[in-house]
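A short reminder: the numbers here are calculations on the coordinates, not readings from a lab. In this text, all values refer to a predicted model and were calculated from it rather than measured experimentally. Using ideal geometry, Cβ is built from the backbone for each residue, glycine included, and neighbour counts are taken over all protein chains shown.
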Amino acid sequence: MLTSLTLLFACVQEEHLKTITFTVDMSGMENIGNVGIRGQFTNPPWQVTLPMTDRNGDGIYELTLSETTAQSSVAFKFVNQDNIFELDCKPNRTIQFEYKPETLEYHAIFNVEGGDQKSIKP
């Protein structure tokens, strides 16, 4: 029994702080409103839109999230009008994490596959 408990607790990975700034370019879109992001990290997952803002009016919306997690990746999609998901019938966007605290930026264009994930050095 002691061996089982040791194996159980040995498999628990340490959590690390992840800070991610998401940006999505909406400048080529019409009827823009209630731009946000949904994914595994909302509560409940995929059911809540986290709002993004375009503070300078350039059509690029931004949101910064910080969470302590042991996950190695996170899946998400950007949304328009609070319920129009991008990349319909295509795979979710993903961010891959390293096993350490990280500050990341993720840049994308709405409804265009691919994106740019960049690690920010403190």
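Details
- Fluctuation leader among 25, 88, 54 - the chain, Gaussian network, Cα springs under 10 angstrom: 88
- Calculated FRET value between residue 46 and residue 100, using beta carbons and R₀ = 22 Å, to 0.05: 0.25
- Environment charge of residue 111, counting only residues whose C-beta is closer than 15 Å and scoring Lys/Arg +1, Asp/Glu -1: -1
- Label-point separation in nm, residue 17 to residue 116, each point 7 Å along Cα→Cβ: 2.7
- Electrostatic dipole magnitude of the chain [Cβ: Lys, Arg +1; Asp, Glu -1; Cα centre; debye, to 20]: 300
- The DSSP beta bridges internal to the chain are antiparallel in roughly 75% of cases.
- Ellipsoid semi-axes in whole angstrom, largest first, where each is sqrt(5λ) of the Cα gyration tensor of the chain: 32, 16, 12
- Net charge, residue 62 excluded, C-beta distance under 13 Å - Lys, Arg +1, Asp, Glu -1: -3
- Value of [θ]222 nm, deg cm²/dmol, for the chain, DSSP H segments ≥ 4, -39500 (n - 2.57) each, nearest 500: -2000 deg cm²/dmol
- Within the range 86-114: backbone nitrogen closer than 15 Å to the residue 60 label point (7 Å, Cα to C-beta): 105-110
- Residues whose amide H comes within less than 5 Å of that of residue 60, counting only those at least five positions distant or on another chain, are 26 (H built at 1.01 Å from N in the peptide plane).
- Local electrostatic count at residue 34 - Lys and Arg +1, Asp and Glu -1, tallied over other residues with Cβ under 13 Å: -1
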